[in-house]
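Some notes on the structure that comes next.
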Amino acid sequence: MRVLKPEVAQDRKEKILNWVIYNYVSTGRPVSSELIAEEGRFNVSSATIRNILKELENEGYLFQAHTSGGRIPSDKGYRAYVDNVQRMQFLAATEKERLENEYDRRVEQLDGFLKHTSRMLADMSKWAGFVMSADMDLDSVKRLDLLSMGPKSVLSVMFAHSGLIKHAAFSLDHAADKTAVKALSMRLNRRLKDLPISDLPQVIFKEFLHKEKDKGLEELLKKLVEYFRGLAKSEDALYLEGLSRIFSNLEEGSVDDMRNIARLLEEKERFSGLLRERLRDCSLKTKALAEPGKRHIVDVTIGSENSIKEFKNFSLVSSSYCINDKAVGLVGILGYKRMEYPRMISLVDTVSSMMEDMLGEWEKLDFEE
């Protein structure tokens, strides 16, 4: 009887595990030993395949929903598969070109940048796509514009380093001269650039409001202080698109999954909390593991690895996006565990890189006239 070297036997077992999971992801049907023998092309006997499947089951990588049925991947099995495909990820050139074209078309539509990105991820992945910028109190100012819309009306537009844009219109009781508003905008920009958003109310109050003599500008500054106080306490900017795709792909007996997703919509803060944890984790992992010159890594959590128990049948594929080596947001995909991991990982990685490139371009722009 021929005895295989341990490394050869292990390699064969890993290949069979990857084949089983890929087949299950593609078809949604449990995989039998007969199917592996017929289509797997492993050049081994049916008895050997059955023994390997039994080993994989005993080791917790596969399980049988029914005694006489085929094998289904466990969370541990998916994890082994994902760890393998992350070493071999790729995105078809045509898909990458499509992504780049989508971004090119939207580059001027800054206000919809994050929402558009989440929708594009949903469209490309056929699952739910999400983008979350960092907490507002951790985000910082890139640019603040004050635009005079009339004698007693001013529009404020703030660009954050994360790519988030906030705007508000202020009605004044006292007129504010257009030239004076523009000059104030330039002075604010010079002082507030790169400050944390949470610091804005105090700085504007102490350094600008107390010194202002013009009634219209004084009123405008008071409104800005109130506005930024509220903004610093606001929830994360979370954009989640494509949940209907999860509903349309409900698997057999997964009514509970529908309830869980509905609960997610009702308790958005729990999902935001999970993503905040992932953003922190991604930042730490990127610093520890990323190769030189790479600012982010893609993180995958599968089923029970997620801290939210309602996600036991779902996987999250996500990556932080960075500006100047600082993680300023999270981008990713939410879908069933039975997803096409190589493509999802590459999709998230590519989108994260393009967001970094685009935000980097904005970073270089000189907005002062």
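The values are calculated or read from the model by the stated rules, or taken from the named source; none is laboratory data. Being a predicted model, the structure only gives us computed values, none of them experimental. As a convention, Cβ positions derive from the backbone with ideal geometry for all residues, glycine included, and neighbour counts pool all protein chains shown.
Computed values, structure above
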item	result
Residue in the stretch 118-147 that is farthest from the chain's Cα centre (by Cα), counting only those that are without any contact (Cβ under 8 Å) to a residue 60 or more places away in the chain and crowded, with 20+ Cβ neighbours inside 10 Å	LEU144
Checklist (1) within 37 Å of the chain's Cα centre (by Cα); (2) surrounded by 17 or more Cβ atoms within 10 Å (Cβ to Cβ); (3) at pLDDT 90 or above applied to LEU231, failing item	(3)
Contacts under 6 angstrom Cβ, first residue in the stretch 178-206 being at positive phi and outside the structural domain of SER153 (by TED's automatic domain parsing), partner of a type in the set (Val, Ile, Thr) and surrounded by 19 or more Cβ atoms within 10 Å (Cβ to Cβ), 6 or more apart	none
Residues (touching a residue at least 24 places away in the same chain (Cβ under 8 Å) and of a type in the set (Val, Ile, Thr)) located in the stretch 54-84	ILE72, VAL82
Candidate set: the stretch 156-177, residues that are loosely packed, with under 14 Cβ neighbours inside 10 Å and within 15 Å of LEU231 (Cβ to Cβ); chosen: the one modelled with the lowest pLDDT	HIS167
Tally of residues being over 23 Å from VAL25 (Cβ atoms) and modelled with pLDDT under 75 across the stretch 234-252	4
Test: residue in the stretch 203-222 that is modelled with pLDDT under 85 and either among the basic types (Lys, Arg) or not in a helix (DSSP H, G or I) (or both)	no
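Residue-by-condition table, conditions (1) of a type outside the set (Ser, Thr, Tyr); (2) modelled with pLDDT under 85:
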| site | (1), (2) |
| --- | --- |
| GLY293 | yes, yes |
| VAL300 | yes, no |
| SER304 | no, no |
| VAL317 | yes, no |
| ILE323 | yes, yes |
| LYS326 | yes, yes |
| LEU334 | yes, no |
| ASP349 | yes, no |
| SER352 | no, no |
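Listed here are the residues, each with its yes/no results for (1) outside the structural domain of TYR78 (by TED's automatic domain parsing); (2) of a type in the set (D, E, K, R); (3) at pLDDT 90 or above.
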position: MET1; (1), (2), (3): yes, no, no
position: GLN10; (1), (2), (3): no, no, no
position: GLU14; (1), (2), (3): no, yes, yes
position: ASN18; (1), (2), (3): no, no, yes
position: VAL25; (1), (2), (3): no, no, no
position: SER33; (1), (2), (3): no, no, yes
position: SER46; (1), (2), (3): no, no, no
position: ARG50; (1), (2), (3): no, yes, yes
position: GLU55; (1), (2), (3): no, yes, yes
